[in-house]
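Here is the structure we will look at.
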Amino acid sequence: MKVKGFIKDVGGASRVTKARLNAFETASPLPVREDPIGNVAREWHPGKLDLVVTEIREASKTAKTLRFEKVGGGKLPPFYAGQFMVLDFPMGKSLISRPYSISSAPWQARQDKGFVEITVRRSKGDGFICDHINDNVKVGDTFRGLIGCGQFYYEPLRDAKHVVALAGGVGITPFASMAREVANGTLDMDLTILYGSVSSNDITLKAELDKLEGEHVHVVHVLSGDEPDWPGERGFLTAELIRKYSAPDTTYFICGPQVMYRFLHGELAKLDIPRRRIRFEVFGQAKDITQFPGYPMACKDETYQLTVVRGLHEDVIPAKATESLVVALERAGIGIETGCRSGECGFCRTKVLSGSVYICPENDGRRGADKDFGYVHACAAYPTSDVKIKIPIV
Ligand code: FES
């Protein structure tokens, strides 16, 4: 029986080989002109695009919304409500990239004059690019940008129909995108946004969110500051408040400052919410790496030598123990591709040839094999000795 099967297989394979050879011999020598699959792939994943700022408006007393269209016009690539875009900023010798959650809806990008919007709040002293955007960027300025990154989006096969979004500060932006998509009827879920702000002046995108209120979108503003005339909810996004707005089966999406993430971990634990029902937006670059568990405090004031291998070229630059490898490279004007700057996307994947680094545990998005073979995400890796790394030439 087995011998018979084997002979059949050999016979079948030789027939296929013959047919292939015949196809090669009779094929046209002209190049293939149509590539329908490639065309779809290029439309959906065009890589970095040239974008122009076409509108800037106030989103609150401390934040601005910027609208981007494709240079030359046309549709923009699709993305999920909740994803972010990466913008490049040439700064002197360096090219610095920053991720920003998209606050407009996917349907608005797919129109003939498609656009995406980001909403950026002025920093509290630790974000010079945020201040640069608020102070210097004007209509007509152009940028390179990558649209549609990240895993923070609603997936009906995984998430419950009822979603409670827990937002703080400018963390409202991915939920503004989701609310717009739901209000347009192109995203099927019931969205309740619990939006924590210190004062009513801090509420970002308030007027636009008010307009989206409807059968499937509900926005609850929660103020933690002392504002005697405030008619709505007060305090923080506590377990009690979250329970009040939850349905029996709810998925929780969380986006806000790092301190809020820690607080909400505790509050959701009090409600016994299963982990699969909780989605966090990426954590962002650690504000103070020395505060994370296991950080070797003996290193914190050190500046190490970072040897950077690119092709046949080697540079030796200083790298502070409390700054990520990405920051050290950018300070030295050495280009490295970045996206999320939160250890998730892998754009900054780097091989450590020698030396040791501390990996921020909240931002360790490496694959298991990368851990085994000495790769790190440079945005989440901090030197704890002299280090030698190998990065691609960009
Ligand atoms: S920039 Fe995304 S992992 Fe480093």
| Is one or more of the residues making up segment 378-389 in the same structural domain as Gln305 (by TED's automatic domain parsing), within 16 Å of the ligand (Cβ to nearest atom) and open to solvent by 10 Å² or more (accessible area, probe 1.4 Å)? | no
| field | Pairs, first in the same structural domain as Thr307 (by TED's automatic domain parsing) and more than 17 Å from Ala286 (Cβ to Cβ) in segment 340-358, second in a loop (DSSP other than H, G, I, E, B) and near the ligand (Cβ under 6 Å from one of its atoms), C-beta under 6 Å, six or more apart | value | Phe347/Thr338; Phe347/Gly339
| field | When residues of segment 50-83 are limited to those that are open to solvent by 10 Å² or more (accessible area, probe 1.4 Å) and touching a Gly at 6+ places or on another chain (Cβ under 6 Å), the one farthest from Met189 (Cα to Cα) | value | Lys75
| Which condition does Phe89 not pass, out of (1) within 16 Å of the ligand (Cβ to nearest atom); (2) of a type in the set (Phe, Trp, Tyr); (3) touching a Gly at 6+ places or on another chain (Cβ under 6 Å), if it passes all the others? | (3)
| message | Ile96 - would you say it is more than 15 Å from Val182 (Cα to Cα), open to solvent by less than 80 Å² (accessible area, probe 1.4 Å), away from the ligand (no atom under 16 Å from the Cβ) and within 17 Å of the chain's Cα centre (by Cα)? | response | no
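Would you confirm whether or not segment 42-54 contains a residue that is among the hydroxyl-bearing types (Ser, Thr, Tyr), out of contact with any Ser or Thr (no Cβ under 9 Å at 6 or more places or on another chain) and part of a helix (DSSP H, G or I)? Steps first, answer last, please.
To start, the set of residues in segment 42-54 that are among the hydroxyl-bearing types (Ser, Thr, Tyr) comprises 54.
When the remaining residues are screened for being out of contact with any Ser or Thr (no Cβ under 9 Å at 6 or more places or on another chain), the result is 54.
Add one more test, that the residue is part of a helix (DSSP H, G or I), and what stays is none.
No: zero hits.
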| said: I need the full set of residues from segment 340-365 which are part of a loop (DSSP other than H, G, I, E, B) and within 13 Å of the ligand (Cβ to nearest atom), in order please. | reply: Cys340, Arg341, Ser342, Gly343, Glu344, Cys345, Gly346, Phe347, Cys348, Cys360, Asp364, Gly365
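Looking at the structure I just gave you, is Val394 within 16 Å of the ligand (Cβ to nearest atom), in contact (Cβ under 8 Å) with a residue 40 or more places away in the chain, more than 26 Å from Lys124 (Cβ to Cβ) and in a loop (DSSP other than H, G, I, E, B)?
Details: within 16 Å of the ligand (Cβ to nearest atom): yes; in contact (Cβ under 8 Å) with a residue 40 or more places away in the chain: yes; more than 26 Å from Lys124 (Cβ to Cβ): yes; in a loop (DSSP other than H, G, I, E, B): yes.
Considered against the rule, which asks whether it is within 16 Å of the ligand (Cβ to nearest atom), in contact (Cβ under 8 Å) with a residue 40 or more places away in the chain, more than 26 Å from Lys124 (Cβ to Cβ) and in a loop (DSSP other than H, G, I, E, B), Val394 comes out as yes.
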| message | within 30 Å of Val326 (Cα to Cα), in a strand (DSSP E or B) and not hydrophobic (A, V, I, L, M, F, W, C): is that true of Tyr80 in this structure? | response | no
| task | Would you please list the contacts, defined by Cβ atoms under 9 Å and residues six or more apart or on different chains, that run from a residue in segment 2-17 that is at negative phi to a residue that is open to solvent by 80 Å² or more (accessible area, probe 1.4 Å) and among the hydrophobic types (A, V, I, L, M, F, W, C)? | result | none
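When segment 61-77 is examined, which residues are found to be part of a loop (DSSP other than H, G, I, E, B) and either within 16 Å of the ligand (Cβ to nearest atom) or under 16 Å from Gly47 (Cα atoms) (or both)? I'd like the intermediate steps shown before the answer.
Pass one, segment 61-77, residues part of a loop (DSSP other than H, G, I, E, B): 61-62, 71-77.
Passing the criteria: Val71, Gly74, Lys75, Leu76, Pro77.
Restrict the check to segment 319-334 and report whether at least one residue is part of a strand (DSSP E or B) and either within 10 Å of the ligand (Cβ to nearest atom) or surrounded by fewer than 21 Cβ atoms within 10 Å (Cβ to Cβ) (or both). Steps first, answer last, please.
Looking only at segment 319-334, we keep the residues that are part of a strand (DSSP E or B), and these are 319-320.
Okay, now just the ones that are also either within 10 Å of the ligand (Cβ to nearest atom) or surrounded by fewer than 21 Cβ atoms within 10 Å (Cβ to Cβ) (or both), so 320.
The answer is yes; a qualifying residue exists.
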| Among the residues listed as Val316, Val259, Val282, Val308, the single one being open to solvent by less than 20 Å² (accessible area, probe 1.4 Å) and of a type in the set (Val, Ile, Thr) | Val308
| query | Going through segment 112-143 one residue at a time, which ones are open to solvent by 70 Å² or more (accessible area, probe 1.4 Å) and modelled with pLDDT under 95? | reply | Asp112, Lys113, Arg122, Lys124, Gly125, Asp126, Phe128, Asp135, Asn136
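The values are calculated or read from the model by the stated rules, or taken from the named source; none is laboratory data. Not measured: the values here are computed from a predicted model. Positions of Cβ are backbone-derived with ideal geometry, glycine not excepted, and every protein chain shown enters the neighbour counts. Calculation scope for accessible area: heavy atoms of the full protein, side chains included, ligands and nucleic acids excluded. Shrake-Rupley method; radii C 1.70, N 1.55, O 1.52, S 1.80 Å.
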